[in-house]
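No value in this document is a laboratory result; all are computed from the given coordinates. Bear in mind the structure is a predicted one, so any value in this text is a computation, not a measurement. So basically every Cβ, Gly included, is an ideal-geometry build from the backbone, and we count neighbours across all protein chains shown.
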Amino acid sequence: MDGELLALLIAFTPVVMFFVVAIVLIVFFFLTDKAKYNRKYSFLEKCVETGMDINPDLLLDRGKKNLSSKATLKTMLLNRLAGGIVFLLTGIGALYWSILGHFKDIPFLSSVALIAVGIGFLIWYFMGKKMLAEELKDEEQTLQQLHNKER
């Protein structure tokens, strides 16, 4: 009975690792974004309390970059999508390679980790797209206005 339980645990370890790594990556990235937002908010709050002039560029997520630069929300989200696809396909290729090599430990575990990172990036992309829908629309309108002014 103990041997069957151990074999079952060994069989499900990659699946569990897959979900654990994906969840840890998503939580890590969201917590770092939230900490960055909290630092910026407390800085702006102190500026308002002391009566300092506030630069409107500080209110944007991109800091010193303007909207006409290439680092817009849309391109940042598309970079996440591209990264997710690359990691996912690399992980699937590594998984296929490890299966052909009769489940060697290192290639198999690394392929599971790559797949988890890829899925984490894809989840980050789709959640970001859903959460930033209004900001993306506003950014698109602002870029259209800038484009029309240049003509």
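Just a few scattered comments:
- For the set 36/149; 74/130; 46/74; 40/149; 34/130; 34/129, the pairs lying more than 22 angstrom apart at their alpha carbons are 36/149; 46/74; 40/149.
- Inter-part distance, region 12-28 to region 93-137, computed on C-alpha centroids, equals 10 Å.
- Label-point gap, in nm, between residue 85 and residue 2 - each point 7 angstrom along Cα→Cβ: 5.1
- Fully extended contour minus Cα-Cα distance, from residue 30 to residue 46, at 0.36 nm per residue: 3.3 nm
- For a modelled paramagnetic label at residue 78, 7 Å from Cα along Cα-to-Cβ, the residues of region 110-144 in reach, with backbone nitrogen under 19 Å, are 121-144.
- Shape category assigned to region 1-41 from the gyration tensor of Cα positions, a/c cut at 1.5: prolate
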